[in-house]
Amino acid sequence: MEGKKFLSGTIQNHLVKPITRRVAALRFPSVRFIPLEKTKFENTVPTLSAWKGLEEIIPSILQQFHIPKNHCLEFGVEYGFSTAIFAQLFDEVIGVDTFEGDAHAGYQDTYQKARENLKSYPNVTLVKSSYQEFIHRQDRQYDLCHVDIIHTYKDTFTCGDWAASHCKCVLFHDTVSFPQVRQAVFDIARKHGKIFYNYPFHHGLGIIV
């Protein structure tokens, strides 16, 4: 009986999630981002990452939206996969993370591994901090910000709202996997009078510019 309940719940979960995502896409519309080209990177961090595949479109985002390549800010470093990509494109990259994980990524200390993975990039500065503490004490401007923190509406909106005021372009990971992230990105774009683009692959990448 318990096995049947588990199987029923699993099937229901597989059915409900795609429906929820489709509903979110209709309720919180975006402009589909189509990269002009994709770029292969020879140097990537050798770790499993849900971000893998997105690195190929970042140069096209910068080119198509005319984003300068001076200063990049990232909220959510984990093991440094995306950070290493940004480090190959920007003069300066600041990576902010508690390095303690969260309810979605799992709780684990990733600081030393991230430092090891990024040691060949002298233009990267890692900051052990929550995004709340960082945005409370920072007021400088950046060319691009990447938000990949715990995927709740409140956290994504709070962090992304600050980023939209301090960056020319803001990226948000998991706009497909987490409808609440998509909703937050939609609301941020509307609040700031910007356009919400979405790349619907590799768990989704939202772009506000």
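Among the residues making up the range 124-133, those that are more than 11 Å from Gly95 (Cβ to Cβ) and either surrounded by fewer than 12 Cβ atoms within 10 Å (Cβ to Cβ) or touching a helix residue (DSSP H, G or I) at 6+ places or on another chain (Cβ under 9 Å) (or both) are Tyr131, Gln132.
Could you tell me whether any residue of the range 24-46 is hydroxyl-bearing (Ser, Thr, Tyr), within 24 Å of Thr125 (Cα to Cα) and under 16 Å from the mean Cα position of the chain (by Cα)? Show your work before the answer.
At the first step, the residues of the range 24-46 found to be hydroxyl-bearing (Ser, Thr, Tyr) are 30, 39, 44.
Of the ones still in play, those that are also within 24 Å of Thr125 (Cα to Cα) are 44.
Narrowing further to those that are under 16 Å from the mean Cα position of the chain (by Cα): none.
Taking every residue of the range 24-46 in turn, none turns out to be hydroxyl-bearing (Ser, Thr, Tyr), within 24 Å of Thr125 (Cα to Cα) and under 16 Å from the mean Cα position of the chain (by Cα).
Can you name the residue in the range 137-186 that is under 17 Å from Asn70 (Cα atoms) and part of a loop (DSSP other than H, G, I, E, B) and, of all such residues, is modelled with the lowest pLDDT? By that ranking, first place goes to Asp139. The set of residues from the range 187-209 being surrounded by fewer than 17 Cβ atoms within 10 Å (Cβ to Cβ) and part of a helix (DSSP H, G or I) comprises Arg190, Lys191, His192. Can you tell me which residues in the range 40-70 are surrounded by 15 or more Cβ atoms within 10 Å (Cβ to Cβ), without any contact (Cβ under 8 Å) to a residue 40 or more places away in the chain and assigned to a loop (DSSP other than H, G, I, E, B)? Result: Ser49, single match.
In the range 170-183, the residues that are in contact (Cβ under 8 Å) with a residue 40 or more places away in the chain form Cβ pairs under 7 Å with partners that are assigned to a loop (DSSP other than H, G, I, E, B) and aromatic (Phe, Trp, Tyr), at six or more places apart or across chains, as follows: His173/Trp51; Arg182/Phe28; Gln183/Phe28.
Is it the case that the range 73-88 has a residue that's part of a loop (DSSP other than H, G, I, E, B), in contact with a Cys (Cβ under 9 Å, 6 or more places away or on another chain), within 22 Å of Gly53 (Cα to Cα) and of a type outside the set (Gly, Ala, Ser)? Within the range 73-88 (the criterion being part of a loop (DSSP other than H, G, I, E, B), in contact with a Cys (Cβ under 9 Å, 6 or more places away or on another chain), within 22 Å of Gly53 (Cα to Cα) and of a type outside the set (Gly, Ala, Ser)), the answer is no, since none of the residues qualifies.
Ile85: under 23 Å from Gly204 (Cα atoms), out of contact with any strand residue (DSSP E or B) (no Cβ under 9 Å at 6 or more places or on another chain), aliphatic (A, V, I, L, M) and modelled with pLDDT of 95 or more, yes or no?
So Ile85 passes the test.
Under the condition of being at pLDDT 95 or above, touching a helix residue (DSSP H, G or I) at 6+ places or on another chain (Cβ under 9 Å) and of a type outside the set (A, V, I, L, M, F, W, C), the residues counted in the range 44-74 number 6. Only a single criterion out of (1) surrounded by fewer than 19 Cβ atoms within 10 Å (Cβ to Cβ); (2) under 19 Å from His173 (Cα atoms); (3) in contact (Cβ under 8 Å) with a residue 60 or more places away in the chain; (4) not basic (Lys, Arg) is not satisfied by Gln141, namely (2).
The values are calculated or read from the model by the stated rules, or taken from the named source; none is laboratory data. Not measured: the values here are computed from a predicted model. All Cβ positions, even for glycine, are placed from backbone atoms using ideal geometry, and neighbour counts span all protein chains on display.
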